[in-house]
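Values in this text are rule-based calculations from the coordinates and carry no lab data. Keep in mind that what you see is a predicted model, and the values were worked out from it rather than measured. Glycine gets a Cβ as well: all are built from the backbone with ideal geometry, and neighbour counts include every protein chain shown.
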Amino acid sequence: MQRTGIVNYHVHKPERQAFQLDAGGIVGNLISPELLPTQVSLTDMRTSGRPLRFDPDGVEFLKALSAICNFSGDQWKGTYEHELAQLLTAKIGVREVVIFDHTLRVDDPKATRKPARNVHSDYSADGARQRLEDLLGAERAAEWSKGHYAFVNLWRPVDHPINSAPLGFVRPSSVDPKDWILLDLIYPDRKGQIMGLVGNARHDWVYLSRMGPDEIAIFNIYDNRGLPSVAHSALDMVEDPTVNTIRKSIETRTLVRY
């Protein structure tokens, strides 16, 4: 089924662009580079006859029940991380999983972490190599670099099915390499680097309608053996205007070794 939504693409500029996070020392304060709101056509994978597979598409939607239904506090982390490590091992065949970040997002102007409304992927090649060393240390990172490693994200709705601002993905096969641009992430205490996506009419956008807490999206961010990075963004759209639930989600970032 085809739907439409609005996404915010990045734009080509002669100078390097950047996001400033927690700008001015204010948690949640974000200064963004120029973005271009664009209406895109979406394929709902709930009804599509073209299935997504993590390999080769870099993204897949799965049924994934969890024992955790309340993500407040920290007591859930051990159980949830064990579930995700088992899922990644069974689904994509990894032999080691390092879980290093959970981000709870709420689509509310007052929320500290809101849905990311820019089309992006979380690491450039240089950013991924630096993050590998940050997480593992230089010696262990050098060991991992001799083999096959990747950064893989897992995204799950929280509390209720997603009615607004669902997470959408661009099939990598529809992306031209020239569509990607480097973006700096400037934090108060460090600097990172991600990839932003510039608009292209060929982009094939997909999402899963009314995705619920018993479902999960796994998607590739960086792979040192060449599985494509997947551009993604929250979509400005509403499934059912009579439903007033607020979009809540948890995104988990992992480093995996195959």
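Here is how the numbers come out for the structure above:
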{"quantity": "Whole-Hz ³J(HN,Hα) from phi, Karplus 6.51 cos²θ - 1.76 cosθ + 1.60, for the range 174-186, glycine and proline x", "calculated": "9, 9, 7, x, 6, 6, 8, 10, 7, 10, 7, 10, 10"}
{"quantity": "Amide H within-cut-off set for GLN17, under 5 Å, with H built and near neighbours excluded", "calculated": "ASP184"}
{"quantity": "Test item: Cα-centred dipole of the chain, Lys/Arg +1 and Asp/Glu -1 on Cβ, debye", "calculated": "260"}
{"quantity": "Violating pairs (Cα-Cα greater than 29 angstrom) within the set LYS63/LYS178; LYS91/LYS178; LYS63/LYS191; LYS91/LYS248", "calculated": "LYS63/LYS178; LYS91/LYS178; LYS63/LYS191"}
{"quantity": "Order by protection proxy (mean Cβ within 10 Å, highest first), peptides 162-168, 108-114", "calculated": "162-168, 108-114"}
{"quantity": "Rounded to whole Hz, the Karplus (6.51, -1.76, 1.60) HN-Hα couplings of the range 122-137, x for glycine and proline", "calculated": "6, 9, 7, 4, 5, x, 5, 5, 5, 5, 4, 5, 4, 7, 10, x"}
{"quantity": "Ellipticity estimate at 222 nm from DSSP helix runs (n ≥ 4, -39,500 (n - 2.57)) divided over the chain, nearest 500", "calculated": "-4500 deg cm²/dmol"}
{"quantity": "Average silhouette area of the range 64-169, convex hull of alpha-carbon atoms, in square nanometres", "calculated": "8.4"}
{"quantity": "Relative contact order (%) - criterion: Cα under 8 Å, at least six apart; region: the chain", "calculated": "34"}
{"quantity": "Residue order, fewest to most beta carbons within 10 Å, for THR252, THR245", "calculated": "THR245, THR252"}
